[in-house]
Amino acid sequence: MVSMAAYDEDCIELDELKAVTKELAARLSEDKWNIEQISGLKQLCAYLEKTPLLDMLLYDVTRSEALDYLRRIRKVYRTARIMILADKELSPMTYMKPDIHADSLLLRPWSREQVREVLEEFIRGCLEAAEGMEQQFYVIETKEGSIRIPYDRIYYFEARAKKIYVCAGKEGFGFYHTIDKLVEELPEQFVRCHRGFVVNSYKIRKIMLSQSIICLADGFEVPLSRSYKAGIKEFVR
């Protein structure tokens, strides 16, 4: 599954962007696409508060506060590909910055043909880059296509009810697998802390040995069983 959000204050432009994206997605990819259409900055903030997976972002930078918020977005979505939507009157020096790291640019006024040309180049680049970056993602295969979850978004995996559940912030995904095989597949930053839990060590903030709890970033907690305490202490030392 490919996830895209398009933020544009102009609803007519937004409809055009989504229509062209759907057309290109059907031609360039076999995966299912989730395209979120957002016409207000507050609406975008509310959407991203849920910390959804995000592969691509089309982002209107013309509002005064939009650039500051885009910088915050980039800190959370480090692997997402970003296309800037801007006016020719706005200097590129304001948004072509290392901390924003935009991948593409679409300037107003634009024609439908220009939208199609720039979006196709952007989408092709995103799909090709994704194929070369699989080592940065955990990939879940579903009937609707692949779900790629960046490792830096994963807090922990939990074995429950004959499935594995991955916690990626406020989003979670379940799939059929075994925790023993999962541990073999994951990079070294992931460590088993319980017979039913594997934790991302980069998310660990505190280990409460007396309570057998590992505290993670953003308020998440996972259990720590006695047999794994020594290994966890050694791992995060």
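The values are calculated or read from the model by the stated rules, or taken from the named source; none is laboratory data. Note that the structure is a prediction, hence the values are computed from the model and not measured. Glycine gets a Cβ as well: all are built from the backbone with ideal geometry, and neighbour counts include every protein chain shown.
Brief remarks on what is shown
- In the range 184-235, the qualifying residues are those that are touching a residue at least 40 places away in the same chain (Cβ under 8 Å) and of a type in the set (A, V, I, L, M), and the one that is farthest from Gly172 (Cα to Cα) is Ile232.
Listed here are the residues, each with its yes/no results for (1) part of a helix (DSSP H, G or I); (2) surrounded by fewer than 17 Cβ atoms within 10 Å (Cβ to Cβ); (3) assigned by TED's automatic domain parsing to the domain that holds Ala230.
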residue: Ala159; (1), (2), (3): no, no, yes
residue: Cys167; (1), (2), (3): no, no, yes
residue: His177; (1), (2), (3): no, yes, yes
residue: Asp180; (1), (2), (3): yes, yes, yes
residue: Val183; (1), (2), (3): yes, yes, yes
residue: Glu188; (1), (2), (3): no, yes, yes
residue: Cys193; (1), (2), (3): no, no, yes
residue: Val198; (1), (2), (3): no, no, yes
residue: Arg205; (1), (2), (3): no, yes, yes
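- Identity of the residue in the range 42-66, part of a helix (DSSP H, G or I) and more than 19 Å from the chain's Cα centre (by Cα), that ends up surrounded by the fewest Cβ atoms within 10 Å (Cβ to Cβ): Lys42
- Flag for Thr21 being of a type in the set (Ser, Thr, Tyr) and either at pLDDT below 95 or not assigned by TED's automatic domain parsing to the domain that holds Glu65 (or both): no
- Top-ranked residue in the range 88-123 [being of a type in the set (S, T, N, Q) and closer than 17 Å to Ser64 by Cα; ranked as nearest to the chain's Cα centre (by Cα)]: Thr94
- Taking every residue in the range 116-139 that is within 18 Å of Ala26 (Cβ to Cβ) and pairing it with any residue that is modelled with pLDDT under 85 and part of a strand (DSSP E or B), at least 6 positions away or on another chain, yields no pair with a Cβ-Cβ distance below 6 Å.
- Annotation: of all residues in the range 140-154 being in a loop (DSSP other than H, G, I, E, B) and surrounded by fewer than 21 Cβ atoms within 10 Å (Cβ to Cβ), the one that is farthest from the chain's Cα centre (by Cα) is Lys143.
- Every listed requirement among (1) assigned by TED's automatic domain parsing to the domain that holds Val199; (2) more than 20 Å from Gly219 (Cα to Cα) is met by Glu128 save one, (1).
- Residue match in the range 92-99 (condition: in contact with a Lys or Arg (Cβ under 7 Å, 6 or more places away or on another chain), more than 30 Å from Leu182 (Cβ to Cβ) and at pLDDT below 95): yes
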